[in-house]
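Have a look at the structure below before the remarks.
The values are calculated or read from the model by the stated rules, or taken from the named source; none is laboratory data. Just so we're clear, the structure is a prediction, and the values are computed from it rather than from any experiment. Quick reminder, even Gly has a Cβ in these numbers, built from the backbone with ideal geometry, and neighbours come from all protein chains shown. With ligands, DNA and RNA removed, areas are computed over all heavy atoms of the protein, side chains included. Shrake-Rupley method; radii C 1.70, N 1.55, O 1.52, S 1.80 Å.
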Amino acid sequence: TGLEKSKQLAAWTAVDNHVKPEHRIIGIGSGSTVPYVVERIVQLGAEANQARVFIPTGFQSKELIVSSGLNLGDVDEYPTIDVTLDGADEVDRELNCIKGGGACHLREKVLAEAATTFILVADHRKNVEFLGTSWTPGIPIEVVPFAYAKVLQNLHHILGSPQATLRMAVKKAGPVVTDNGNFVIDAPFDPEVMKKPYTIMAQIKMLTGVVEVGVFCHMAQAAYFGNEDGSVTVKW
Ligand code: DER
């Protein structure tokens with residue numbers, strides 16, 4: 001479909017522009033766009049990849065690396081990463097992004113921060129002027145199960161997200177449980193609030209029980225969006 005082609009276009013262009021021959025430690029994100037990143041890296045050649053180690057951002061990412069025949073590594077063994085490539089749910093004009101649609105944003109943010117270069121790849125739906133305009137479920141927030149009800153209260157009554165909800169699983173009874181054994185809350189905010197993503201991210205992060213917030217500010221060096229007409233939009 002057009003959307004898959006857009007994802008592939010963004011991913012291939014990003015890999016061609018940012019995965020250098022000398023890069024050895026590569027962070028691999030989560031979601032449905034990142035498989036095209038791995039596809040392109042595999043095409044780069046087994047020779048180059050033999051000398052590389054690929055760091056996952058969760059179970060799905062690990063499975064992708066292993067099934068693609070790439071060397072798997074751990075971020076505790078490689079805490080400094082040459083380049084991390086990952087998807088996003090939305091990316092604004094300043095490359096701030098909402099991540100966590102796949103409930104993987106804690107490990108994603110660790111690998112984004114550990115990377116010298118952090119690159120976003122997405123289809124055109126994610127390319128927005130302000131956060132919250134196309135991604136409507138709200139800011140994904142990973143919380144320890146013990147604190148989820150307290151954090152929901154804080155969001156409803158203090159931080160201005162009365163619609164915040166615990167993310168329920170579809171093919172499992174009960175809430176989504178992350179790779180870290182935590183819950184996820186989705187918290188929508190007013191558009192005006194989303195124009196200052198750093199402020200709301202910091203306020204949420206300070207709530208006791210919050211593990212990580214799915215808003216990444218000033219972390220990415222570039223974002224690639226595939227368009228239906230076969231063009232690629234780059235923001236940096
Ligand atoms: O959870 C995330 O941040 C993932 O990167 C994911 O939401 C990206 O989604 P997609 O690549 O499947 O559109």
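Annotations
- Scanning the stretch 2-36 for residues that are more than 16 Å from the ligand (Cβ to nearest atom) and not β-branched (Val, Ile, Thr) turns up ASP16, ASN17, HIS18, LYS20, PRO21, GLU22, HIS23, ARG24.
- Any hit, the stretch 73-93, residues being on the phi > 0 side of the Ramachandran plot, over 11 Å from the mean Cα position of the chain (by Cα) and away from the ligand (no atom under 13 Å from the Cβ): no
- Flag for THR33 being open to solvent by 30 Å² or more (accessible area, probe 1.4 Å), of a type in the set (Ser, Thr, Tyr) and farther than 19 Å from GLU113 by Cα: no
- Residue in the stretch 29-47 that is small (Gly, Ala, Ser), touching a residue at least 12 places away in the same chain (Cβ under 8 Å), under 30 Å from ASP229 (Cα atoms) and outside any loop (DSSP other than H, G, I, E, B) present: no
- The lone criterion from (1) open to solvent by 20 Å² or more (accessible area, probe 1.4 Å); (2) under 24 Å from THR13 (Cβ atoms); (3) within 12 Å of the ligand (Cβ to nearest atom) left unmet by GLY69 is number (3).
- Pairs with Cβ under 7 Å, 6+ apart, first in the stretch 1-20 and surrounded by fewer than 20 Cβ atoms within 10 Å (Cβ to Cβ), second among the acidic types (Asp, Glu): GLY2/GLU228; LEU3/ASP123
- Any hit, the stretch 80-89, residues being out of contact with any strand residue (DSSP E or B) (no Cβ under 8 Å at 6 or more places or on another chain) and open to solvent by 20 Å² or more (accessible area, probe 1.4 Å): no
- Residues being charged (D, E, K, R) and touching a His at 6+ places or on another chain (Cβ under 7 Å) - total across the stretch 119-151: 1
- When GLU39, GLU47 are checked against the criterion of being open to solvent by 30 Å² or more (accessible area, probe 1.4 Å), within 14 Å of the ligand (Cβ to nearest atom) and farther than 22 Å from HIS105 by Cβ, GLU39 stands alone in meeting it.
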